[in-house]
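Enquirer: Next up is a structure, given as structure tokens.
The values are calculated or read from the model by the stated rules, or taken from the named source; none is laboratory data. All values derive from a computational prediction rather than experimental measurement. Cβ: placed from backbone, ideal geometry, glycine included. Neighbour counts: every protein chain shown.
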Amino acid sequence: MNAARMGVLVLAVVAAGLAALLARGLVSSGDVPAASQIVEAPQAQVLVASTTIGRGERLSSSSLRWQNWPESALVPGYITRAQSPEAISEMTGNLARASLSNGEPITDTKIVNSKTGGFMAALIAPGKRAVAITVSPETGAGGFILPNDHVDIIHTRRVTQDTARGPQDVIQGEVLLRDIRVLAIDQRFKDDSGDQVALGKTATLELTAVQAERVTVAQAEGALVLSLRGLSEAAESQNDEVAQEPESSSIAVVRAGTQQIIRVR
């Protein structure tokens, strides 16, 4: 081997070594991604519903729970465990002013304290009135009407009509109001016992001011029968009156010792 070829071979070996060192340096000096770190936001425990709670339903220890909540998302009115550690036991027995979904935070504005009274007034929708009427198994669908059911009110009365045989007593009936919500049966405003029948003597209905007047007058004139509506029909008519009558007042006229209610329009 001559000197020229030896020189070329030595240069090739040196170049290969330099290339290897250069590649090793580039690999060792490459950017290494830093391990990502998850920083948890400060958490608080908020009192929420552990199941769906209906309007007027009593709260229980099984229907409430504590849930982690970001402190940055806390809203004034939320009940936190740090502020009220005994909130679950304190809330037990209270009433839901409105329906609550599973996981929805509990606030004082959504709850009615049953120990302070006034819970029925809190359950009435704005602009509505609570009116009690007399019922029986015969006029209350056999006792199968329960709180929060919807009913039609049928007004029946006995009238005297002239016939070929002379004056005859006839029973007349008309649907006075449709789709009326039942607030309570007697003093039961929520069926907690799971019973399927409520044999009560009074039914408290949720009515507008005009509807309350019509029902009061009709009850003085005759009997009222409650017709239970199916669940699929409970929201169809939205408390529409069968006959759209203007607001009226009524007076009691006594003739020969008999009181008669007369509408004045």
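Enquirer: So how many residues does segment 136-158 have that are surrounded by fewer than 16 Cβ atoms within 10 Å (Cβ to Cβ) and at pLDDT 75 or above? Break it down stepwise before answering.
Expert: Taking segment 136-158 first, the residues surrounded by fewer than 16 Cβ atoms within 10 Å (Cβ to Cβ) are 136-138, 142, 144, 157-158.
Add one more test, that the residue is at pLDDT 75 or above, and what stays is 136, 144, 157-158.
Number of matching residues: 4.
Enquirer: Could you check segment 46-77 and list, in sequence order, the residues that are among the hydrophobic types (A, V, I, L, M, F, W, C) and either within 19 Å of the chain's Cα centre (by Cα) or in a loop (DSSP other than H, G, I, E, B) (or both)?
Expert: The initial filter retains those residues of segment 46-77 that are among the hydrophobic types (A, V, I, L, M, F, W, C), namely 46-49, 53, 59, 64, 66, 69, 73-75.
Result: Leu47, Val48, Ala49, Ile53, Leu59, Leu64, Leu74, Val75.
Enquirer: Right, another one. Which pairs do you get when a residue that is among the small types (Gly, Ala, Ser), found in segment 180-205, comes within reach of a residue that is modelled with pLDDT of 80 or more and surrounded by fewer than 18 Cβ atoms within 10 Å (Cβ to Cβ), reach meaning Cβ atoms under 9 angstrom, with the pair 6+ apart or on two chains?
Expert: Qualifying pairs under 9 Å: Ala184/Ala130; Ala184/Ala132; Ala184/Thr202; Ala203/Ala132; Ala203/Thr134.
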